[in-house]
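Each remark here refers to the structure printed beneath this line.
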Amino acid sequence: MTGLTRDAITTARRIVVKVGSSSISGENVGQIAPLVDALASAHARGAEVMLVSSGAIATGMPYLQLDARPDDLATQQAAASVGQNILIYRYQESLRRYRIVAGQVLLTAGDLENSTHRLNAQRAMERLLGLRILPIVNENDTVATHEIRFGDNDRLAAMVAELTGADLLVLLSDVDALYTRPPHLPGAERIAHVPFGDELEGVEIGSVGRAGVGTGGAETKVSAARIAAASGTGVLVTATSLVDEALAGEPVGTWFEPAER
């Protein structure tokens, strides 16, 4: 079966959207409302929508009086414990305008590597979607260890797309697309389309994000896009500010063509 094409984004039956910490925390907390507007619009046309949201640690930092992301695992876990509760509350308050109920799903890498836990997670997600609940997924930072972490939520989002058989994965950040080199450098050009299996030879991909509160960058997005595309999911990489246009099928961001299912 042929995978989703870019010009058919609005027909996607099952959608995973991933948003990074820097896009919905700190001075950008106001981006939650327009993000929810875009998710609700896709939900209203009948799509099953899942949100993979980073931001628990970044959201919890001010409440622990931290000025920078902590380096030690215990403080990261404490910040995540406080921040996850506040983050879900903010999403639910915004979703209330559309009478959409959120369901919190916290996963560790071990959950998706253990066949029993993986099946349980898949069953829970299917039931939530069947009930028209909008699952909000995050790594369970409170119990995860350095040895069994996803590393970044781009990878988690790709694995959730694979787990649920999603048609579309949208990876959001503070950059509008993938470029031939870091976009602040002279000569950087936007890459609109990446054919399946393209190794992106000659493309300079950065390994860190710009804002300093998350763990992802262009490198993690390309890696995640390849994971999802290999399982038959079309992937769009773009900026959080362009999520409405992305889900409406407008020509924004970078499209990773999926393998045939």
## Note on the structure
Taking placed amide H atoms and a strict 5 Å upper bound, the residues 5 or more places from L178 or on another chain that come that close are I191, T254
### Task
Could you work out which residue, out of H43, H193, H184, moves most in a Gaussian network model of the chain, that is, has the largest mean-square fluctuation with Cα springs under 10 Å?
H184
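Roughly what percent of Cα-Cα pairs across region 1-129 reach past 23 Å?
Numbers: 3539 of 8256 pairs.
Considering region 1-129, 43 percent of its Cα-Cα pairs are separated by more than 23 Å.
Please give me the summed charge of the neighbours of A228: other residues whose Cβ is under 15 Å from its Cβ, Lys and Arg +1, Asp and Glu -1. Don't jump to the answer; show the numbers that get you there.
Details: positive: R6, R14, K18, R155, K221, R226, R261; negative: D152, D154, E162, D167, D198, E257, E260.
Charge balance in the 15 Å sphere: 0.
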### Query
Out of residues 5 or more away from S173 or on other chains, whose amide H comes under 5 Å of its own, with H placed 1.01 Å from N in the peptide plane?
T238, A239, T240
## Note on the structure
Residues meeting the amide H criterion for G103 (H placed from the backbone, H to H distance under 5 Å, 5 or more places apart or on another chain) are L134, I136
### From phi via Karplus (6.51, -1.76, 1.60), per-residue ³J(HN,Hα) for region 172-183 in Hz, x at Gly/Pro
9, 7, 9, 10, 6, 5, 8, 10, 5, 7, x, x
## Note on the structure
Phi-derived 3J(HN,Hα) across region 228-233 with the Karplus relation (6.51, -1.76, 1.60, θ = phi - 60°), rounded Hz, x for Gly and Pro, is 5, 4, 5, 8, x, 9
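So between L119 and T2, what do we pick up on full extension, going 0.36 nm a residue minus the alpha carbon distance? Please list the in-between numbers first.
Working: separation 117, 0.36 × 117 = 42.12 nm, distance 2.59 nm.
Gain on extension, L119 to T2, equals 39.5 nm.
Relative to 2.2 N^0.38 Å, what does the C-alpha radius of gyration of region 68-138 come to as a ratio? Two decimals please. Spell out each step's value before the answer.
Working: Rg = 14.6 Å, N = 71, 2.2 N^0.38 = 11.1 Å.
Normalised Rg, Cα atoms only: 1.31.
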## Note on the structure
Taking Cα pairs closer than 8 Å and at least 6 residues apart, the relative contact order of the chain in percent is 26 percent
#### Entry: ³J(HN,Hα), Karplus 6.51/-1.76/1.60, whole Hz, each residue of region 65-78, x for Gly, Pro
6, 9, 8, 9, 4, x, 8, 8, 4, 4, 6, 4, 5, 5
### Query
Mind listing P(r) for region 6-256? All alpha-carbon pairs, 5 Å bins, whole percents.
1, 6, 14, 19, 21, 18, 13, 6, 2, 0
### Task
Could you give the spread of the C-alpha atoms of region 18-61 along their three principal axes, from largest to smallest, in whole angstroms?
36, 17, 12
### Query
Summing -39500 (n - 2.57) over the DSSP H runs of n ≥ 4 in the chain and dividing by its residue number, what mean residue ellipticity at 222 nm do you reach, to the nearest 500 deg cm²/dmol?
-11000 deg cm²/dmol
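Just so you know, all these numbers are worked out from the coordinates, no wet-lab data involved. In this text, all values refer to a predicted model and were calculated from it rather than measured experimentally. Glycine gets a Cβ as well: all are built from the backbone with ideal geometry, and neighbour counts include every protein chain shown.
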